[in-house]
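Colleague: This structure is in structure tokens; I'll ask about it shortly.
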Amino acid sequence: MKVVLHIITGLSDGGAEAVLFRLATYDAPHQHVVISLGGGGKYGPLLEDKGIRVHCLDMPRGRITLGGLRKLFSILRQERPDIVQTWMYHANLLGGVAARLGGFREIYWGLHHTTLVPGTTGVSTRAVDWLCARLSGWVPKGIVACAFETQRVHVANGYVASKFSIIPNGYDVSVFAPDQLAGRRLRDELGIALGTPLVGLVGRWDPLKDHANLFAALQIVRGSFADVCLVLAGTGCEPGNADLQRLLQTLSLDTCTYLLGRRSDVPALMNAMDIHVLSSSSEAFPNVVAEAMACGTPCVVTQVGDAAIIVGGTGWPVPPRNHHALAQAIFEALHEREDEPRWSARQVAARQRIVDEFSLRTMVARYRKVWAL
């Protein structure tokens, strides 16, 4: 049994964190250990419940502490891993350099981001990315990117191209699966009739998610589909968010929008929707698109990261930051929904694409190949 040590910036509710959880808990033949530079967040307790050791360095976000560094070197000496897999910029830099100085050579960086935009991405993160590019020839043996767009952007920024492997995120298609009963129960909970068209977006309240793009599009769509409702789930998408509420009220969407905040029943939520919309201005490999599709929910997506690659021919890709194009795609999807045979065929095709191309089993096999395990 080999020991794989993961070092990640934090274990909060995010896409990379979710992929790490799925990888570590599915890859039973090997022993996985996790170090969080920050706290335990959402996934720390969940990993421990699965019998995976989790070490939290409790360093403040974006800051390095002497105590945290000492603990990191101590854990590396204690665990003596065969593989060190780091996740995201700060962990790539700090964890990768620490492992290299500790004498480890089987170090693999993980990149789960595309563009780093001034104004939405912190100065420290962009500085860390710049430094990682300069160290990419020395620290990692390999670099895992979750998307082709991720590789393209980072190679252009100076990362060593020959070290890259593309491993798309993988999903447990037994958990994310069509379940009409779960969808109906959630609609009942919200008071949404079964025949009411329901558009949804699962994603935190963040400028890069560009909720405003979706809201502007939906305002147009309601000119033809006056009964369409919107459900938002994710950190910050809750009634207490004054900025969100103000935006919805300005566009007269507050009476048809359901704000659910962070949810643990995402498969049920995806099954309750008719269409999932990704309105983002930047992504790498958006998990929510694949999760919705695995549940048989067709997707309208902006052409960011690998979103268009994920949907293939089963959804509607449109340019980012273009609410007119987004509105047209949502309109087309809602119109097709009224043709039951065509809609059923699209639902089946959406799920089958995830089963064939993006299953958890396939992702784990690709990581093992990169690690040569």
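Colleague: Based on the Cβ-Cβ distance of residue 156 and residue 188, what FRET efficiency does E = 1/(1 + (r/R0)^6) give at R0 = 56 Å, to the nearest 0.05?
Modeller: After rounding, the FRET efficiency stands at 0.70.
Colleague: Between 93, 266, 113, whose Cα lies farthest towards the positive end of the dipole of the chain when Lys and Arg beta carbons carry +1 and Asp and Glu beta carbons carry -1, centred on the Cα centre?
Modeller: Sorting the options by dipole projection puts first 93.
Colleague: With no solvent and one equal point scatterer per Cα, compute the Debye intensity ratio I(q)/I(0) for the chain at 0.08, 0.11, 0.14 Å⁻¹ and report its log10, rounded to two decimals.
Modeller: -0.41, -0.76, -1.18
Colleague: Run the simple label-point estimate for residue 126 and residue 148 please: 7 Å along Cα→C-beta, distance reported in nm.
Modeller: My value for the distance between the label points is 2.8 nm.
Colleague: Another question about this same structure. Under 20 Å from a label point 7 Å along Cα→Cβ of residue 372: give me every residue in the stretch 132-174 with its amide N that close.
Modeller: Taking a point 7 Å out along Cα→Cβ of residue 372, the residues of the stretch 132-174 whose backbone N falls under 20 Å are 136-145, 160-167.
Colleague: Right, another one. Please state the shape class of the stretch 1-79: rounded when a/c is under 1.5, otherwise prolate if a/b exceeds b/c and oblate if not, all from the C-alpha gyration tensor. Walk me through the numbers before you get to the answer.
Modeller: Working: a/c = 2.29, a/b = 1.29, b/c = 1.78.
Here the stretch 1-79 falls in the oblate category.
Colleague: Here's a follow-up. Separation between the residue 69 and residue 246 pseudo-spin-labels, each 7 Å from Cα along Cα→Cβ, expressed in nm?
Modeller: So the two model labels end up 4.2 nm from each other.
Colleague: Here's another thing I want to ask about it. Which of the three applies to the stretch 186-240, rounded, prolate or oblate, going by the alpha-carbon gyration tensor with a ≥ b ≥ c and a/c under 1.5 meaning rounded? Please report the intermediate quantities before stating the final value.
Modeller: Numbers: a/c = 2.73, a/b = 1.22, b/c = 2.24.
It comes out oblate by the Cα gyration axes.
Colleague: Given 0.36 nm per residue, what is the gain on full extension from residue 357 to residue 1 after removing their alpha carbon distance, in nm? Could the numbers behind the result be given before it?
Modeller: Details: separation 356, 0.36 × 356 = 128.16 nm, distance 2.79 nm.
Residue separation times 0.36 nm, minus the Cα-Cα distance, leaves 125.4 nm.
Colleague: Sticking with this one: Non-local amide H neighbours of residue 318 (under 5 Å, H modeled in plane, Pro and chain starts lacking H): which ones?
Modeller: Excluding prolines and chain starts, which carry no amide H, the hits are 301, 302, 303.
Colleague: So, with +1 on the Cβ of K and R and -1 on the Cβ of D and E, and no other charges, what is the size of the charge dipole of the chain about its Cα centre, to the nearest 20 debye?
Modeller: Values: 37 positive and 33 negative charges, 327 e Å.
Here the chain has a charge dipole of around 1580 debye.
Colleague: Run the numbers on the stretch 180-357 and let me know its relative contact order in percent, using alpha-carbon pairs under 8 Å that are six or more apart.
Modeller: Values: 323 pairs, mean separation 41.3, N = 178.
Value for the stretch 180-357: 23 percent.
Colleague: Follow-up question, since we're still on this one. From the backbone phi of the stretch 123-129, what are the Karplus-calculated ³J(HN,Hα) couplings (6.51 cos²θ - 1.76 cosθ + 1.60, θ = phi - 60°) in whole Hz, Gly and Pro given as x?
Modeller: Per residue, the Karplus-derived 3J(HN,Hα) values read 4, 5, 5, 5, 5, 5, 4 Hz.
Colleague: Net charge near residue 47, counting Lys/Arg +1 and Asp/Glu -1 over other residues with Cβ under 13 Å of its Cβ?
Modeller: Numbers: positive: 22, 42, 50, 53; negative: 17, 27, 48, 49.
For residues surrounding residue 47, the net value is 0.
Colleague: Let me ask something else. Name the long-range amide H neighbours of residue 7: under 5 Å, sequence gap of 5 or more, or other chain; modelled H, no Pro or chain starts.
Modeller: When sequence neighbours closer than 5 places are left aside, the close amide H contacts are 35, 85, 86, 87.
Colleague: For the stretch 180-357, just list the percent of Cα-Cα distances falling in each 10 Å bin from zero outward, please.
Modeller: 10, 42, 40, 7, 0
Colleague: Count the lysine pairs in the chain whose Cα atoms sit under 18 Å apart, keeping only pairs 8 or more residues apart in sequence or on different chains. Walk me through the numbers before you get to the answer.
Modeller: On the way: 2/50; 2/141; 2/369; 42/50; 141/163; 141/369; 163/369.
Lysine pairs satisfying the spacing and distance rule in the chain number 7.
Colleague: Also, I was wondering about something else. Evaluate the distance, in nm, between pseudo-label points positioned 7 Å from the Cα of residue 335 and of residue 174 along their respective Cα→Cβ axes.
Modeller: Computed distance between label sites residue 335 and residue 174 equals 4.2 nm.
Quick note: the coordinates plus some simple rules give every number you see, no bench work behind them. Computed from a predicted structure; not experimentally measured. Using ideal geometry, Cβ is built from the backbone for each residue, glycine included, and neighbour counts are taken over all protein chains shown.
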